[in-house]
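The structure appears below as structure tokens.
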Amino acid sequence: MAAEQILPAQETRAAVWSLMLSGVVWGLIWWPLKYFAGLSLTGHAIALTAYALVSLVAIPFIWREYAQWKTELGLLLLIGLFFGCANLAFTTALMTGSVVRAMLLFYLLPAWGAIGGALFLKERLRPRRLLAVFLSLAGVFTIMGGLAVFAQPLSLADGLALLAGLCYTAASITNRKARLIPLLSRTLVTFLGCSVLAVLMLVYTQPVIPHLSFTDWSLLALFAFLWLLGGSMLTTYGVTHVQASRAAVLQVVELLVAVLSAIVIGGERLAFNDYLGAALIVTATLIEATSQAQA
């Protein structure tokens with residue numbers, strides 16, 4: 001069904017549940033990624049394998065809907081570019097750095113979403129929403145070590161986590177602006193965009209894909225089609241029917257699931273500034289979540 005045929009007011013409850021469930025899916029994604037990292041796979045290699053597998057299947061389905069999205073080709077390409085960049089950056093950040101730190105830095109989403117929604121979608125920035133933006137920025141500043149952030153450059157994983165959040169919000173805003181692109185094309189172009197970026201990166205670096213057993217290749221394929229594709233379908237449906245700023249907030253479930261699972265399952269530990277920064281970010285999301293949605 002084309003996006004313009006779906007009435008957001010009638011789909012809000014389904015969209016909210018879709019975003020919350022996708023938050024659980026993405027909140028636990030670090031688990032299989034850490035497993036694949038243990039096999040010596042990199043984020044670039046994941047894009048060239050798992051994402052490429054879905055892309056090969058996706059191309060015919062995207063092309064079949066050409067008549068519906070041809071007038072919004074530019075928006076479709078931007079969705080693929082932004083989501084592709086976000087996925088590639090976020091995957092690498094999770095595989096190479098701390099899960100908790102990557103998630104917290106990625107969660108500038110309330111700030112990016114509110115600012116982007118106001119600039120491009122004419123959503124109102126009321127005092128409560130401005131407070132949420134300030135607190136989320138303060139939270140990330142605290143996590144980065146306060147004033148010490150200016151004394152040393154970001155680590156690669158930190159920079160990629162921040163980049164992923166920015167690109168993800170840009171993709172969500174583009175999704176909201178699109179009216180004719182069918183849901184299926186919106187979702188599948190994400191994988192195509194990620195794969196194309198990974199191929200272009202081969203000009204600068206060529207990741208070594210180690211010898212994998214049949215079991216590991218099977219797990220990689222399941223990860224691609226069940227975890228990545230399934231989670232993307234849930235996310236795309238949600239962000240298409242919920243305000244960009246509110247969609248970013250509803251997905252706080254992803255942050256909570258990721259942090260708690262990384263501590264309980266992954267054995268990660270938080271420093272005091274991480275706890276303080278996380279508290280500020282969660283407070284920001286709660287303020288935004290309880291504010292009245294504005295059209």
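Key figures for this structure:
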read-out: Filtered residues of region 220-243 (kept if in contact with a Phe, Trp or Tyr (Cβ under 8 Å, 6 or more places away or on another chain) and not small (G, A, S)); value: L220, F223, L228, L229, T235
read-out: Test: residue in region 125-137 that is in a helix (DSSP H, G or I), under 28 Å from M201 (Cα atoms), out of contact with any Lys or Arg (no Cβ under 9 Å at 6 or more places or on another chain) and not small (G, A, S); value: no
read-out: Some residue of region 103-119 being surrounded by fewer than 16 Cβ atoms within 10 Å (Cβ to Cβ) and assigned to a helix (DSSP H, G or I); value: yes
read-out: Helices (runs of 4 or more DSSP H) contained entirely in region 8-87, each with at least 2 residues that are buried (at least 21 other Cβ atoms within 10 Å of the Cβ); value: 8-27, 30-38, 43-46, 52-64
read-out: Lone qualifier among V242, V203 - being over 14 Å from G84 (Cβ atoms) and modelled with pLDDT under 85; value: V242
read-out: Neighbours by Cβ (under 9 Å, 6+ apart or cross-chain): first from region 199-222, under 25 Å from W31 (Cβ atoms) and open to solvent by 80 Å² or more (accessible area, probe 1.4 Å); second assigned to a loop (DSSP other than H, G, I, E, B) and not charged (D, E, K, R); value: V208/S40; V208/T42
read-out: Selection within region 274-295 - modelled with pLDDT of 80 or more and either open to solvent by 50 Å² or more (accessible area, probe 1.4 Å) or among the small types (G, A, S) (or both); value: Y275, L276, G277, A278, A279, T283
read-out: 2 or more residues β-branched (V, I, T) and in contact with a Lys or Arg (Cβ under 9 Å, 6 or more places away or on another chain): qualifying helices (runs of 4 or more DSSP H) within region 170-278; value: 229-241
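The values are calculated or read from the model by the stated rules, or taken from the named source; none is laboratory data. All values derive from a computational prediction rather than experimental measurement. Using ideal geometry, Cβ is built from the backbone for each residue, glycine included, and neighbour counts are taken over all protein chains shown. Just so you know, the surface numbers come from the protein's heavy atoms only, side chains and all, with ligands and any DNA or RNA stripped out. Shrake-Rupley method; radii C 1.70, N 1.55, O 1.52, S 1.80 Å.
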